[in-house]
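Read through the structure below, which is laid out as structure tokens, and then see the notes.
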Amino acid sequence: MPMRNPVRERRGFTLIELLVVIAIIAVLIALLLPAVQSAREAARRAQCVNNLKQLGLAAHNYISQTNVFPNQTIQNTTYWAWEPSWAAAILPMLEQQPIYNAINFSVPMLDLGPFTGASFPQNTTAGLTFLPTFICPSESIIHQAGYQLVEYAQTNYAGNYGGPAMLTSCNGLIVPAKGDLYVRTPGTGTLSIAAVTDGTSNTAMFSEHLLGYGSGELDNPAVSPAVAGSPWAKRALFLASSVTVDADAGDLVTLQKFVAACQAIPGGTEPTEDATFGAQWIMAQGYDTASVSYTHVMTPNKYSCIGNGAGWPTFLSDGAQGGYAAAITATSNHPGGVNVCMGDGHVQFVKDSVSFPTWWALGSRNLGEVISADSY
């Protein structure tokens, strides 16, 4: 009788086995995604560092030609505001000579029609030109559905206007032209490297600031409300109503009260402004700091605040655009801190945990503070 070969039974996965495999894959994905996101952020941060290095190199090429740092505003003697910014000044050093040539420096950078009835559209072409060097790759708001520009192309990078104005105003490296409207004269004007007595390696020149909402509407449906305590709060300007700010008074007590009040803004508080930060790279106003400047008052990634009772006509702490005694804070989407380009051109990552005295010292160019290399 012939022998039959035994037939091997074929069987599929049981439901339990399938569920186990799916669970294992899900765990692997959960473990892998943070690593992928971390690698992407590392690449974005590296590109941000490179952008700041380019700005630092451009600033030093500007210095080699003019013997001074680029001013926060290139003062226009015909008009009192809407002046060319430091970013416009260094365009040739960023290999953007055609855009620089397109700028008409004899008229306002922004059309004054709504204010004066006079139309100045000459700088629209340059102002609308998007320059990747001025945008941090970690900036997320420009990818939000419905996000729109205010008028011109924007920037994440800001010049160091100085440490707390309540001690001494305009003592950074990127300061307004001397005699700019409402800006007190100490520390302004043409600034050479010799004036940086604290050392260029110990004084900040540029850092980052997250963009404000392009539409300028607090209830912009494209993003969440920028109330205190929300993820968008770093993009807004808040009123520390309990403190009246002043400048150049050497007033450490008021400065400490201002810092404490800014840190204690109650959750849910509406901002006074949410569209100004980085609204355009081409234009600045000497007495306002929010557009292309920042100040060393609050340490990185804390709130930006103005004090009470200091709007028109002093502009010490203007509610719309900061004023030169405001806390316009360096902020970013990089975990744990911000990138800072120092006065000698090197870029340093400064942690959110840096102490206030150290951060204030990094903001001033000539107050004689001693900063330890491991303090930031």
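Quick notes
- Debye equation applied to the C-alpha atoms of the stretch 219-301, log10 I(q)/I(0) at 0.13, 0.19, 0.24 Å⁻¹: -0.49, -0.99, -1.32
- Exposure proxy order (Cβ contacts within 10 Å, fewest to most) of 44, 365: 44, 365
- When its C-alpha radius of gyration is set against 2.2 N^0.38 Å (N residues), the stretch 313-364 gives a value of 1.35.
- Of the residues 211, 173, the one with the fewest other Cβ atoms within 10 Å heads the list, and the complete ranking is 211, 173.
- Sorting the Cα pairs of the stretch 263-376 by distance into bins of 10 Å, from 0 upward, gives 13, 41, 36, 10, 0 percent per bin.
- Positive contributions from Lys and Arg (+1) and negative ones from Asp and Glu (-1), summed over other residues with Cβ under 13 Å from the Cβ of residue 371, come out at -2.
- Backbone HN-Hα couplings from phi across the stretch 263-275 [Karplus 6.51/-1.76/1.60, Hz, Gly and Pro as x]: 5, 9, 4, x, x, x, 5, 6, x, 7, 7, 9, 10
- Burial order of peptide ranges 349-358, 254-263 (average beta-carbon count within 10 Å, highest first): 254-263, 349-358
- Least to most buried among 107, 243 (fewest other Cβ within 10 Å first): 107, 243
We did not get these values from a lab; they are worked out from the coordinates using the rules stated. Keep in mind the model is a prediction, meaning the values are calculated, not measured. Every residue, glycine as well, gets a Cβ built from its backbone with ideal geometry; the counts of neighbours run over all protein chains shown.
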